[in-house]
Amino acid sequence: MTDIIIYAAAGFMVWMCLDCIQRREHFIWIIIMIILFPIGAFAYFFVVKNRAINSNAGSSSITPIRKEVETEETLQLKELIGKHHKAFHYEKLGQAYMEQKQFVQAIPQFEEAIQRDPEMLEARYGLAKCLHGLGKYEEAAIALEKLTSIEKKYDYGNAIFGLAESYRLAGNEDKALEVYGEVINSFHFFKAYYHFAKLLDKKGKKQEAIDYMKSIVGSSKDLPDYKLEKERFWIDEAYKFLRKNGVELA
């Protein structure tokens, strides 16, 4: 009977430790739970987890509100912002929130960083990523337009590629075609080739679309294994498009 209680307590402690890591609570809780076994785990449950459960109970079941997770990093950055009000610290706080997918909290930090330093490209890119993550594709496109007007090849072409994606997802297909064209002229992103071809097909330019899909398949033959694995999905999609349009490749 004693062994069962010990195993149950150990299992409960592991559960609370995992919860602590997931919530990004201070690591001191894990130390407390291990040293004060099993009292520490029960203390964590009532002080942290039970508090979070109660606070979520009153939230709407239709539109749940994500709890803002403060970590040691975000608290330190807020303290530095309070003292110095530097663009660098606002941008780093935005990045910290973005890594937690707390896009709503991240956006004002990036906007403040841009306000204080318009040349801070990292803040502009972070703002665009957050807007994209929230499904605000038109706003993301505006942010990326400003970024790529300063540095067209920012993040090795991923910024301008993101601009093309934002245009497409916002339904602005003409601008998407134009920017996808710029992307594929400078970078070898198979996803860009694929969506460029799909938009051409949608515009009635079937043969051009087929040619670009063929270029995906042809280019794939020279890829190293790690790159081939990364682009596998778009290669397979290109094959599907070609087969659907009666094009068989050896």
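Take the cross-link list 78/152; 129/191; 153/202; 83/146; 206/227; 191/230 and give me the ones stretching past 21 Å between alpha-carbons.
Flagged as over cut-off: 78/152; 153/202; 83/146; 206/227.
Give, as a single signed number, the net charge of other residues whose beta carbon lies under 10 Å from the beta carbon of residue 175, with Lys and Arg counted +1 and Asp and Glu -1.
So the surrounding residues net to -3.
With r defined as the distance between the Cβ atoms of residue 225 and residue 186 and R0 fixed at 41 Å, what FRET efficiency is calculated, to the nearest 0.05?
Taking R0 as 41 Å, the efficiency between residue 225 and residue 186 is 0.95.
For the residue pair residue 207 and residue 43, what label-to-label distance in nm results when each label sits 7 Å from Cα along the Cα-to-beta-carbon direction?
So the label points at residue 207 and residue 43 sit 7.8 nm apart.
Can you compute 3J(HN,Hα) from phi for each residue in segment 219-232, using the Karplus curve 6.51 cos²θ - 1.76 cosθ + 1.60 with θ = phi - 60°, rounded to whole Hz and x for Gly and Pro?
Karplus-based 3J(HN,Hα) across segment 219-232 equals 5, 5, 5, 9, 7, x, 4, 5, 6, 4, 5, 5, 9, 3 Hz.
Residue by residue through segment 201-206, what is 3J(HN,Hα) from phi via Karplus (6.51 cos²θ - 1.76 cosθ + 1.60, θ = phi - 60°)? Round to whole Hz and write x for glycine and proline.
Listing the rounded values in order: 4, 5, 7, x, 9, 4 Hz.
How big is D, in µm² s⁻¹, for segment 84-187 by Stokes-Einstein at 37 °C and 0.692 mPa s if Rh is the Kirkwood radius over C-alpha pairs?
Answer from the Stokes-Einstein relation: 241 µm²/s.
Kindly write out, for segment 209-214 in residue order, the coupling ³J(HN,Hα) from the Karplus curve 6.51 cos²θ - 1.76 cosθ + 1.60 (θ = phi - 60°), rounded to whole Hz, with x marking Gly and Pro.
4, 4, 4, 5, 5, 5
For segment 95-250, what is the relative contact order in percent, using Cα pairs closer than 8 Å and at least 6 residues apart in sequence?
Rounded, it is 12 percent for segment 95-250.
Measuring from label point to label point, each 7 Å out along Cα→Cβ, what is the residue 149 to residue 104 span in nm?
Placing both labels 7 Å along Cα→Cβ, they lie 3.0 nm apart.
Values quoted throughout were computed directly from the atomic coordinates according to the rules given, and no laboratory measurement underlies them. All values reported here derive from a predicted model rather than from experimental measurement. Every residue, glycine among them, receives a Cβ derived from its backbone with ideal geometry; neighbour counts consider all protein chains shown.
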